[in-house]
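Readers should treat all values here as calculations from the given coordinates under stated rules, not as data from a laboratory. Here the structure is a predicted model, which means the values were calculated and not measured. Don't worry about glycine lacking a Cβ; one is built from the backbone with ideal geometry, like all the others, and counts go over all protein chains shown.
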Amino acid sequence: MKHGRGPSKGGHSRSDQTRGPSRGPSRSDTGPQRQEQPKPTAAPQAKPVLGIGGIPLGAPTKFKNNPQVPRPRPAVLVPAGEPAARPQKGAPFNLPALEVMTTTLWSYPSQHYWSPTKRRLIGVDGAKYTGATPSWVIWQLLMRYTSEGDAVLDPMVGSGTTLDVCDDLGRSGLGLDLNPQHPQVKLSDARSLPLKGNEVDFVFIDPPYSTHVNYSDDPRCIGKLDSGGSDGGAAYYEAMTKVTREIARVLKPGKHMALYVSDSYVKGRGDKGFMPIGFELFEIMRKPWAAGGAGLLPVDIIAVERGNQKLARGNWHKAAEGGNFYLRGFNYLFICRKAQLAVNARS
Ligand SMILES: C[S@@+](CC[C@H](N)C(=O)[O-])C[C@H]1O[C@@H](n2cnc3c(N)ncnc32)[C@H](O)[C@@H]1O
């Protein structure tokens with residue numbers, strides 16, 4: 001696999017099974033075994049006492065060179081041999097060409113990808129939009145689960161990344177949002193979609209993960225509902241139940257959907273600080289339709305390493321270590337399918 005992962009980041013242990021087939025002889029296979037010379041024995045030393053993250057207590061922590069502090073990904077992905085559309089300082093020119101991923105651990109090489117057919121960056125307008133989905137992630141999904149001409153819906157399309165990828169790949173994109181930011185986006189509340197039912201081939205959705213981003217002043221915005229609020233997140237999950245049921249209703253039987261989401265952590269909330277949004281939403285998506293869920297069948301769960309530029313800030317890592325919490329290192333990508341014989345009318 002030619003897929004570039006960028007610098008290694010702590011917290012993700014990658015076993016050999018997740019790396020795919022071995023790519024050549026290991027170091028010890030490359031030549032005759034050399035006889036190890038006995039090394040002079042050093043005076044025994046007291047074992048250091050390890051603190052959070054295996055860092056010896058009292059050791060100076062250099063966040064600048066800490067491998068857990070990722071360098072920001074380049075904003076521009078240009079496949080080998082392609083000219084850079086907009087050369088940027090430090091942007092590599094020989095990034096890998098687009099390739100369909102085959103494992104459940106993804107790491108997008110850059111926020112936007114370079115389309116070899118359109119000869120432009122896809123999703124570039126999203127750079128000005130807080131919370132835009134990496135176009136590379138949507139490209140991966142459309143390559144797997146759709147064919148040319150298929151109808152693809154994004155009911156919370158934001159800056160229009162899904163529409164841009166649809167245009168690149170010859171899919172028929174329908175983008176809806178409460179706060180249209182793109183000329184092709186229609187105003188609609190994702191809890192009540194303006195579609196008859198059983199009519200789209202794929203749905204992608206990247207919903208608000210609680211209240212971190214102020215998307216609009218529209219009181220119907222789900223980003224105004226706190227998934228860890230005093231109601232225990234009831235209003236957020238109730239809204240997302242309606243959204244996922246609508247997705248299930250409009251999908252054609254046998255077709256797929258993908259939901260991109262992250263858990264959340266809010267400092268200073270004690271035991272209520274961690275909000276397991278991913279697992280909660282996955283349960284809602286799987287819960288039978290008759291029991292109030294979306295009644296979708298689980299297909300797979302992908303962990304997408306986050307390329308959030310804020311993760312490159314040393315002081316964030318210092319706070320996480322000092323406060324004994326973790327920074328969000330990945331997003332879930334939950335992939336589900338509508339059963340061939342699903343029964344789901346608008347409730
Ligand atoms: C994380 S952003 C989506 C990002 C998008 N995939 C992109 O690449 O730009 C979440 C979006 O959900 C929209 N939204 C929030 N509540 C909504 C609702 N009830 N109906 C439709 N859209 C909603 C927000 O306006 C925002 O654009």
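Given the criterion more than 24 Å from Arg144 (Cβ to Cβ), in contact (Cβ under 8 Å) with a residue 40 or more places away in the chain and crowded, with 19+ Cβ neighbours inside 10 Å, identify the matching residue among His256, His317.
His317
Counting only residues that are of a type in the set (Lys, Arg) and farther than 25 Å from Lys267 by Cα, which one in the range 328-347 is surrounded by the most Cβ atoms within 10 Å (Cβ to Cβ)?
By that ranking, first place goes to Lys338.
Regarding the range 259-275, can at least one residue be identified that is closer than 23 Å to Leu341 by Cα and in contact with a strand residue (DSSP E or B) (Cβ under 6 Å, 6 or more places away or on another chain)?
Yes: one or more hits.
Can you name every residue in the range 228-242 that is surrounded by fewer than 23 Cβ atoms within 10 Å (Cβ to Cβ), in contact (Cβ under 8 Å) with a residue 12 or more places away in the chain and in a helix (DSSP H, G or I)?
Tyr237, Ala239, Thr241, Lys242
Go through the residues of the range 198-215 one by one and say whether even a single one is within 21 Å of the chain's Cα centre (by Cα) and at positive phi.
Looking for residues that are within 21 Å of the chain's Cα centre (by Cα) and at positive phi, one finds at least one in the range 198-215, hence yes.
What do you reckon, is Ala132 farther than 16 Å from Asp218 by Cα, in contact (Cβ under 8 Å) with a residue 12 or more places away in the chain and outside any strand (DSSP E or B)?
Here the answer is yes, as Ala132 does meet what is asked.
Please give the strands (runs of 3 or more DSSP E) falling wholly within the range 136-227 in which 1 or more residues are within 12 Å of the ligand (Cβ to nearest atom) and charged (D, E, K, R).
Strands (runs of 3 or more DSSP E) meeting the threshold: 151-154, 172-177.
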